Amino acid sequence: MVILLAVGLWTARVSFADTRFVTTPYQQIVLYKGPGTTYLQLAKIQAGVPLTIIERNSVGTWVHVQQARNVGTTIINDGWVISGYLNFDLDFHFGDVPVNTTLPDADADSDMSQLHDLYLVPVIPTISDAMRAVYQHGHDDLRNYSYVITKVGDSMTADDLYLKPMSRDDNVLRPYDYLGDAVSYFGASTSVDSVAARVGMTTYTVFDPTWADKSVCHPRETPLDCEYRRKRPSIALIMFGVNDLKRMDDVHFDQQMRKIVDDSIQHGVIPVLSTFSYDPAQPLWLQSVLFNRRLVKIAADEQVPIINLWLAARSLPYYGLEDDDIHMKHWGFGYLKFDHGSAAYSGAALRNLLSIRTLDEIRRTVILNAQNSPASAATPEITQPATPEITASP
Amino acid sequence: MLLLGIVLLVSCTSSGGGDPAKVVTQYLQAKVSADQKTMQGLLCSSMEANLEQEASSFAGLDAKLQDVTCTRQGDSNIVACTGKIVATYGTEQTDFPLVSYKVVQEDGAWKWCGEADAGTEAP
């Protein structure tokens, strides 16, 4: 009895010490044993039921919650839910919530099929020492701009609503405002279109000078090299796959993606790869799994970061896709709006969120570290540029 | 083919081993048609490794040449083209303007050898 009372008091103190962390679902939600839909389903929780947030995953898209029988009493439900289905007060910030670093983003053992390898990959990558070296080479030897990023890919990446809204000043990040520094730091550079991201582009055509924008690229220059020459970015967010599925097998896709990675590294650019979302009901589903597995393998071999969008989008309605089964569903606004759970139903919002979170990771663990190192003291870094420097003419 | 005949205006200047301007036009037509077999016969040896990339450039897209005129620059190995490739992806149309291309003679035949650098090269 004494033990039970002590446990009850302890949980009450941990769970209900801060009312900022008390929330309610705005619709019925499923409670899982861990931060992903592959984990065991524990319960369904009705709209309006008070929940206390204990911790979050590395982004904030999933939160560990507890439900008490009454406020301050015994815990009757304890598990993880998608945060986009919760109501948040104005003073709620994911930056204040402890991050769980022990539970993986999926229970990979729940699926031992070809998908197993994809479930093993974290949604947000950790940044390797090899990428720190790439950044350093780009910054010190090639004079790349730390605060400039670019994007490489097909129509989903060329989309004006992918990353480009980071350059706006009317974004609503709350409760994800812990990403504000990353948005401010890289935002201006996203306002300039990438010549290496075009409608219909593939891992082949990104190396085809025919596809280079002749108004800014040199003769014989590939779109990728042209983009890196013009902007001298420190980071490239790269996603191919959906177009390539129809044009090549996974062996050739692997070859081409490795070329992109190698080319990026030679330019001192950290290539951030991404798996892509795909509908299992579509005819090329098995091929898409092979492609995504190739991406995961390349990232591991080359020690480059990879965003596991495929995994994160599995928990979204229709895998975060539009009705065309290709593009990611938009969230309905021209600016970033993360205060109404858009990342829980819009693949495009989720992709922006994951990309910005990854940029935040690179900024904190690579760029700021390098700037704070003794070796960088002699070469001060511009930290708050108004606009990125672009060499617009060949 | 009929459409091709209407939209193509190929300016011909003859040379040993065929007409380089015609070779370039044929190559561009093969490229928009993803006709790898034809491209293989028209591609210079130094670009053989790019054949698959070249052939897949517009594969799966509805692409065509529009208002194309190709002319050899004097006796040089440069063929300058005007006009464009028009590619449609879904409902979106993208234009790819044509530029100057390098040609080389191999075994007595002219071959397409990629985009020309700025300036005219000696034959």
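Just one of the numbered conditions (1) within 14 Å of another protein chain (Cβ to nearest Cβ); (2) among the aliphatic types (A, V, I, L, M); (3) part of a loop (DSSP other than H, G, I, E, B); (4) in contact (Cβ under 8 Å) with a residue 40 or more places away in the chain is not true of A:Val195: (4). Checking each residue in region B:101-121 for being modelled with pLDDT of 95 or more and either facing chain A (nearest Cβ under 7 Å) or surrounded by fewer than 20 Cβ atoms within 10 Å (Cβ to Cβ) (or both) picks out B:Val104, B:Gln105, B:Glu106, B:Ala109, B:Gly114, B:Glu115, B:Ala116. Taking region A:76-92 as the range and being touching a residue at least 60 places away in the same chain (Cβ under 8 Å) and among the polar types (S, T, N, Q) as the test, the residues that pass are A:Ser83, A:Asn87.
Against the list (1) within 14 Å of chain B (Cβ to nearest Cβ); (2) crowded, with 24+ Cβ neighbours inside 10 Å, the condition A:Ser264 fails is (1).
Test B:Ser57 against the stated conditions and say whether it is touching a strand residue (DSSP E or B) at 6+ places or on another chain (Cβ under 9 Å) and assigned to a helix (DSSP H, G or I).
Numbers: touching a strand residue (DSSP E or B) at 6+ places or on another chain (Cβ under 9 Å): yes; assigned to a helix (DSSP H, G or I): no.
Taking the combined requirement at face value, the residue does not satisfy it.
Selection within region B:22-63: residues that are within 12 Å of the chain's Cα centre (by Cα) and among the basic types (Lys, Arg). The member of this set that is nearest to A:Lys259 (Cα to Cα) is B:Lys31.
Residue-by-condition table, conditions (1) in a loop (DSSP other than H, G, I, E, B); (2) over 18 Å from A:Ser113 (Cβ atoms); (3) in contact with a helix residue (DSSP H, G or I) (Cβ under 6 Å, 6 or more places away or on another chain):
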position: A:Gln256; (1), (2), (3): no, yes, no
position: A:Lys259; (1), (2), (3): no, yes, no
position: A:Leu273; (1), (2), (3): no, yes, yes
position: A:Ser277; (1), (2), (3): yes, no, yes
position: A:Pro280; (1), (2), (3): yes, no, no
position: A:Leu286; (1), (2), (3): no, no, no
position: A:Val289; (1), (2), (3): no, no, no
position: A:Asn292; (1), (2), (3): no, no, yes
position: A:Ala299; (1), (2), (3): no, yes, no
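In this structure, is B:Leu98 crowded, with 21+ Cβ neighbours inside 10 Å, on the phi < 0 side of the Ramachandran plot, in contact (Cβ under 8 Å) with a residue 60 or more places away in the chain and within 13 Å of chain A (Cβ to nearest Cβ)? Here the answer is yes, as B:Leu98 does meet what is asked.
Kindly indicate the residue of region B:58-79 that is within 11 Å of chain A (Cβ to nearest Cβ) and touching a Lys or Arg at 6+ places or on another chain (Cβ under 6 Å) and also surrounded by the most Cβ atoms within 10 Å (Cβ to Cβ) among those meeting that condition.
Of the residues in region B:58-79, the ones within 11 Å of chain A (Cβ to nearest Cβ) are B:58-63, B:78.
Among the residues that remain, those that are also touching a Lys or Arg at 6+ places or on another chain (Cβ under 6 Å) are: B:59-60.
Numbers: B:Ala59: 18, B:Gly60: 16.
Filtering first and then ranking leaves B:Ala59.
Kindly indicate whether A:Tyr176 is more than 26 Å from A:Ser83 (Cα to Cα) and either under 18 Å from the mean Cα position of the chain (by Cα) or crowded, with 17+ Cβ neighbours inside 10 Å (or both).
Values: more than 26 Å from A:Ser83 (Cα to Cα): no; either under 18 Å from the mean Cα position of the chain (by Cα) or crowded, with 17+ Cβ neighbours inside 10 Å (or both): yes.
Taking the combined requirement at face value, the residue does not satisfy it.
Applying the condition of being within 14 Å of another protein chain (Cβ to nearest Cβ) and of a type in the set (Lys, Arg) to region A:208-248 and asking which residue is farthest from A:Arg293 (Cα to Cα) yields A:Lys214.
For region B:80-95, filtered to residues that are within 12 Å of another protein chain (Cβ to nearest Cβ) and small (Gly, Ala, Ser), the residue that is nearest to A:His218 (Cα to Cα) is B:Ala80.
The values are calculated or read from the model by the stated rules, or taken from the named source; none is laboratory data. Owing to the predicted nature of the structure, the values given are computational and were not obtained by experimental measurement. Cβ coordinates were reconstructed from backbone atoms using ideal geometry, including for glycine residues, and neighbour counts include every protein chain displayed.
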